[in-house]
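Taken together, the values in this text are just the output of simple stated rules run on the coordinates, not laboratory data. Model, not experiment: these values are computed from the prediction. Positions of Cβ are generated from backbone atoms using ideal geometry, with glycine treated the same way; all protein chains shown enter the neighbour counts.
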Amino acid sequence: MTAESQNLTDWQRPASAQLVDPEEDLPSSSYGGDFETTAIPRYDTTGAAKPEQNAFALLNDPEPLPYVSPAQPNPYATAPVAPTEIGPHDADQQIRAAGRRGTTDLGLLLLRVGLGALLIVHGLQKIFGWWGGAGLSGFESSLSELGYQHAGLLTYVGAGAQIVAGLLLVLGLFAPLAAAAALAYLVNALLASIAAEPGVGFADFVIPTGHEHQVSLVLVAAALTLTGPGRYGLDAGRGWARRPFVGSFLALLLGVGVGIGMWVLLNGANPLG
């Protein structure tokens, strides 16, 4: 098989063709054409040109930038350098963002309501004599026998403090202060019970007729002071319900200090002697 011979004259350049130098298409250095004179004229709303105003030149004119003039104050100069953390506005969302608390809030609710209910019942016993209580006169007599000064005034203060602190704990309102008030009363009551029985030993705290019940209530009140009321209460939107720290610790010290201080100032007896 042979290829068909081709005529070499078909591959030759025509006589009229010329090689073109690409640089010949560029304008000369003295050319003042479109690159220097082209401009966009200004027009009014009717479409007519405005010869009295300068045209928008394409070259050799600074480009109008939409920046703030240096003579004007920069509205972004006072912006904070560090990023600002934007958190959820709702208290429940803040709690969920920090992590699920499981059944912690439910356990705190049970402790609050249980301790608050006991305080309310004992306060009503002291005031009205309900459920086998001694009433105000009997409570005053017991305080006098224990050596308390101003027993008449302390009768109303003690019974009222029990009821108010119990109601606040049940509602979950001002829980650290309510728990601190309950702690002060319970510490004072524990000291009074110990002083009423000389020769206190370890067995006096653990036997059924001993002080173990009062010690348990003191520990519950101290724990609620430190942990806060939890989400299920009127304090749910406050800091001590979500992350109790310094304030709750100070409330604990206040409750213990007031309980011991009232005993020292109003009774003066040494419960261990």
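The simple spin-label model puts a point 7 Å past each Cα toward its Cβ; for Leu234 and Glu197 those points are separated by 3.8 nm.
Here is the size of region 104-266 from its Cα atoms: Rg then Dmax, 15.8, 48 Å.
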